[in-house]
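Please treat every number below as a calculation from the coordinates, not as lab data. All of these numbers come straight from a predicted model, not from anything done at the bench. Please note: Cβ atoms are built from the backbone with ideal geometry, for glycine as well, and neighbour counts cover all protein chains shown.
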Amino acid sequence: MISRVWHGWTTPKNADAYEGLLKSEIFQGIQSRQIAGYRGIHLFRRSLEDEVEFITIMWFDSIEAVREFAGEDHEVAVVPPTARALLSRFDARSQHYDVEVDMKA
């Protein structure tokens, strides 16, 4: 299992709109692609002093499945123009980790 981790930041004013865009359009669009080996996504949100941080963690069976999602240069962030318009900054590249333990309560 591979996890793909990415960070983006918005202004507090844009945070709700960005979260709404993720839930209603972007995540649904990813799901509709029916990528073999895509296992889902988690969204984290944290309010900071003057900005709001978002973290997405996507789950894939293999690095090949990640490439199917992101392209040959699989570390490049996949950020549609509608999302870029709401973000103040974001990671240009995602990080990928081998999941060594997946223990659920």
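Which residues, counting only those in region 74-86, are touching a helix residue (DSSP H, G or I) at 6+ places or on another chain (Cβ under 7 Å) and among the aliphatic types (A, V, I, L, M)? VAL76, VAL78, ALA83, LEU86, listed by residue number.
Checking the structure you have, find out if any residue of region 54-73 is in contact with a helix residue (DSSP H, G or I) (Cβ under 6 Å, 6 or more places away or on another chain), closer than 22 Å to MET1 by Cα and touching a residue at least 24 places away in the same chain (Cβ under 8 Å). It would help to see each step written out before you state the result.
Keep residues of region 54-73 that are in contact with a helix residue (DSSP H, G or I) (Cβ under 6 Å, 6 or more places away or on another chain), which gives 60.
Those still in the list that are closer than 22 Å to MET1 by Cα too: 60.
Next cut, touching a residue at least 24 places away in the same chain (Cβ under 8 Å) only: 60.
Yes: region 54-73 contains one or more residues that are in contact with a helix residue (DSSP H, G or I) (Cβ under 6 Å, 6 or more places away or on another chain), closer than 22 Å to MET1 by Cα and touching a residue at least 24 places away in the same chain (Cβ under 8 Å).
For residues that are touching a strand residue (DSSP E or B) at 6+ places or on another chain (Cβ under 6 Å) and hydrophobic (A, V, I, L, M, F, W, C), tally how many sit in region 6-21. Residues that pass the stated criteria total 3. Scanning region 10-53 for residues that are without any contact (Cβ under 8 Å) to a residue 12 or more places away in the chain, within 15 Å of the chain's Cα centre (by Cα) and more than 18 Å from VAL78 (Cα to Cα) yields one hit, ARG46.
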